[in-house]
Structures are given as structure tokens and as C-alpha cells.
Amino acid sequence: MTNPIAFVLGLIIVGAIVMDYFYYGTEHIVFLAKKMTELIEWLAFWR
């Protein structure tokens, strides 16, 4: 992955988080962070 592609992907992710924050508040971000942590732990188990 080249630096410009990584930069654009990072901007898209940050933009999606900011948009979610302004439209729905912080509850969704906390929920998604908890689920992402569970997913990472589950994937680490299969490693």
C-alpha cells in the first residue's frame, strides 16, 4: 500500500467517525470500539 492510498483511507475513516459523532453522538462510537476489541481478541485466538 502506498502512502497516498493509506492517507486517503485514513481520511475516509476519520471522516466517517466525525460524521457519526455529529449525527448520532458518542454512543455508537463506544459500541463499535467495544465490538472491534472483541473482534481483535477473537482473531488473536485463531492466530
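The values are calculated or read from the model by the stated rules, or taken from the named source; none is laboratory data. Predicted model, so just to flag it, every value in this text is computed and none were measured. As a convention, Cβ positions derive from the backbone with ideal geometry for all residues, glycine included, and neighbour counts pool all protein chains shown.
Values as computed for the structure displayed
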quantity	calculated
Close pairs from the stretch 22-47: first in a helix (DSSP H, G or I), partner not hydroxyl-bearing (Ser, Thr, Tyr), Cβ under 6 Å, at least 6 apart	28/20
Test for residue 39: is it surrounded by 10 or more Cβ atoms within 10 Å (Cβ to Cβ) and modelled with pLDDT of 90 or more	yes
